[in-house]
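Okay, so here's the structure we're looking at.
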Amino acid sequence: MAKGKKSKKDLKKQVYKYYKIEGGKIVRLRKFCPICGPGYFLAEHKDRLSCGRCGYTVKK
Ligand SMILES: [Zn+2]
């Protein structure tokens, strides 16, 4: 359901939140899911981080 609702533009915007350029280096602001691997960021919540793909959750 709602597949393709997000435009490419929106996705690009989202990715930007996850990276920061600092002194010419790319700094990752988010952790990757240890189960799904690199490319799957953990979503930030108030007191935990969770993976939207596999459901992995870690407390802050
Ligand atoms: Zn995961």
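Every number in this text was worked out from the coordinates using simple rules, so none of it is lab data. Given the structure is predicted, the values throughout are model-derived calculations rather than measurements. Ideal geometry is used to build each Cβ from the backbone, glycine not excepted, and the neighbour counts take in all protein chains shown.
Here is the figure for region 25-60: residues that are in contact (Cβ under 8 Å) with a residue 12 or more places away in the chain and more than 8 Å from the ligand (Cβ to nearest atom) total 11. Note on region 28-47: residues that are over 16 Å from K59 (Cα atoms) and assigned to a loop (DSSP other than H, G, I, E, B) total 2.
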